[in-house]
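Some notes on the structure that comes next.
The values are calculated or read from the model by the stated rules, or taken from the named source; none is laboratory data. Keep in mind the model is a prediction, meaning the values are calculated, not measured. Glycine gets a Cβ as well: all are built from the backbone with ideal geometry, and neighbour counts include every protein chain shown. Protein only, heavy atoms only, side chains kept; ligands, DNA and RNA dropped before computing areas. Shrake-Rupley method; radii C 1.70, N 1.55, O 1.52, S 1.80 Å.
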Amino acid sequence: MIINRISHLASHLVAGACLSALLLSSAQAAAPLVLMTDFGTADGAVSAMHGVAYGVDPQLTISDLTHQIPDYDIWLGAYRLYQTANYWPQGTVFVSVIDPGVGTNRKSVVLKTKGGRYFVGPDNGLFTLIAERDGVAELREIDEKVNRLAGSAESYTFHGRDVYAYVGARLASGAISYEQVGPQLPNESVVKIAYQKPVRDGHTIRGIVPVLDVKYGNVWTNIPKSLLDELQVKLHDPLQVRILHKGKQVAKVTAPFEHTFGGVAKGKPLVYLNSLLDVAVAISQGDFAAKHHVASGVDWEVEVSKAPAAK
């Protein structure tokens, strides 16, 4: 009887110890690390960043958002973060490197959003849209005296490897806490790129073309569904879309509002809501941007209104 009780007690202790170990392991599990750059993949730059991160913790889960941002296009990098970040779990660490000012006095920071995600990179406007949409819970400048890859102090032009990948990996792995990144900065000090916010002006909605759907040539806008709803647009209603570059009209089309590309015949234009529920314009199985010579960025403006009634 005594032996049975001891055996029973021992089994409970073992089970408890296993559960504690499992919970501890879960609590210490590394967060995902997501990399984005304008480096491309033709050379070893991205591989070096992966190597530095795995050197911190071989168990890290590392994903690549994209490394095909056009050279020095900070705005597009900001948009790609905006487009994807909220689909990653809380605690995810994003390392973003579009950094034409590498080695200068621009700050290297880690921004923590109110949703609990972390963004590592140069404070040069890359975090404009993340800060606006998700809110800044805290901002810290990277202290490179303690948070820099060993032996890299005389390298001035590859902070993506020597500082950002290293700090991002240490943060994701739990090797450092957020407070150990460096000194706190004012939340409002985040550098932001100026751009036209979406607004309604009477019967017209104005915004910009922040990005193209590059694979298919669809033209995305920053105009949300809520503003389109204010115009009381119904399915199949004809809309007039004007696209301007630096104030000069580049394209003007009238197209129906549809839920799907199949709502119009092949080769015909349509207005729809993209995957972010923002207004977009396209040609069914065609390339609207190429046909109308439309690009994207803060100096590409768009106007949407109901089309005038046919006489």
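Taking the residues in segment 145-171 that are out of contact with any helix residue (DSSP H, G or I) (no Cβ under 9 Å at 6 or more places or on another chain) and open to solvent by less than 10 Å² (accessible area, probe 1.4 Å) as candidates, determine which candidate is nearest to residue 98 (Cα to Cα). Selected residue: 163. Screening segment 263-311 for residues that are open to solvent by less than 20 Å² (accessible area, probe 1.4 Å), within 22 Å of residue 204 (Cβ to Cβ) and free of Cβ contacts under 8 Å to residues at least 60 places away in the same chain and picking the one that is nearest to the chain's Cα centre (by Cα) gives 278.
For residue 133, the requirement of being assigned by the TED database to the domain that holds residue 56, under 12 Å from the mean Cα position of the chain (by Cα) and surrounded by fewer than 16 Cβ atoms within 10 Å (Cβ to Cβ) is met. As a summary of the residue check, residue 114 satisfies the conditions (1) surrounded by fewer than 20 Cβ atoms within 10 Å (Cβ to Cβ); (2) touching a Ser or Thr at 6+ places or on another chain (Cβ under 8 Å) except for the one numbered (2). Restricting attention to segment 227-237, the residues being in a helix (DSSP H, G or I) and open to solvent by less than 70 Å² (accessible area, probe 1.4 Å) number 2.
Looking at segment 249-262, can you tell me whether even one residue there is open to solvent by 60 Å² or more (accessible area, probe 1.4 Å) and either among the hydrophobic types (A, V, I, L, M, F, W, C) or outside the structural domain of residue 229 (by the TED database) (or both)? Steps first, answer last, please.
Step one: of segment 249-262, the residues open to solvent by 60 Å² or more (accessible area, probe 1.4 Å) are 249, 252, 254, 259-262.
Going one step further and asking which of them are either among the hydrophobic types (A, V, I, L, M, F, W, C) or outside the structural domain of residue 229 (by the TED database) (or both), we end up with 261.
So far as segment 249-262 goes, yes, one or more of its residues are open to solvent by 60 Å² or more (accessible area, probe 1.4 Å) and either among the hydrophobic types (A, V, I, L, M, F, W, C) or outside the structural domain of residue 229 (by the TED database) (or both).
Kindly check whether there is at least one residue in segment 77-89 that is surrounded by fewer than 20 Cβ atoms within 10 Å (Cβ to Cβ), in the same structural domain as residue 169 (by the TED database), in a loop (DSSP other than H, G, I, E, B) and at positive phi. There is no residue in segment 77-89 that is surrounded by fewer than 20 Cβ atoms within 10 Å (Cβ to Cβ), in the same structural domain as residue 169 (by the TED database), in a loop (DSSP other than H, G, I, E, B) and at positive phi. Could you check, for segment 178-186, whether at least one of its residues is β-branched (Val, Ile, Thr) and under 22 Å from the mean Cα position of the chain (by Cα)? Yes; the residues of segment 178-186 include at least one that is β-branched (Val, Ile, Thr) and under 22 Å from the mean Cα position of the chain (by Cα).
Scanning segment 253-278 for residues that are aliphatic (A, V, I, L, M) and in contact with a Gly (Cβ under 8 Å, 6 or more places away or on another chain) turns up just one, 270.
Among the residues of segment 190-205, just one is in contact (Cβ under 8 Å) with a residue 60 or more places away in the chain, within 21 Å of residue 130 (Cα to Cα) and loosely packed, with under 13 Cβ neighbours inside 10 Å, namely 194. Here residue 95 meets the list (1) open to solvent by 50 Å² or more (accessible area, probe 1.4 Å); (2) modelled with pLDDT of 95 or more; (3) farther than 25 Å from residue 299 by Cβ almost entirely, failing just condition (1). Any chance segment 206-217 includes a residue that's open to solvent by 40 Å² or more (accessible area, probe 1.4 Å) and either on the phi > 0 side of the Ramachandran plot or in contact with a Ser or Thr (Cβ under 7 Å, 6 or more places away or on another chain) (or both)? Scanning segment 206-217 turns up no residue that is open to solvent by 40 Å² or more (accessible area, probe 1.4 Å) and either on the phi > 0 side of the Ramachandran plot or in contact with a Ser or Thr (Cβ under 7 Å, 6 or more places away or on another chain) (or both).
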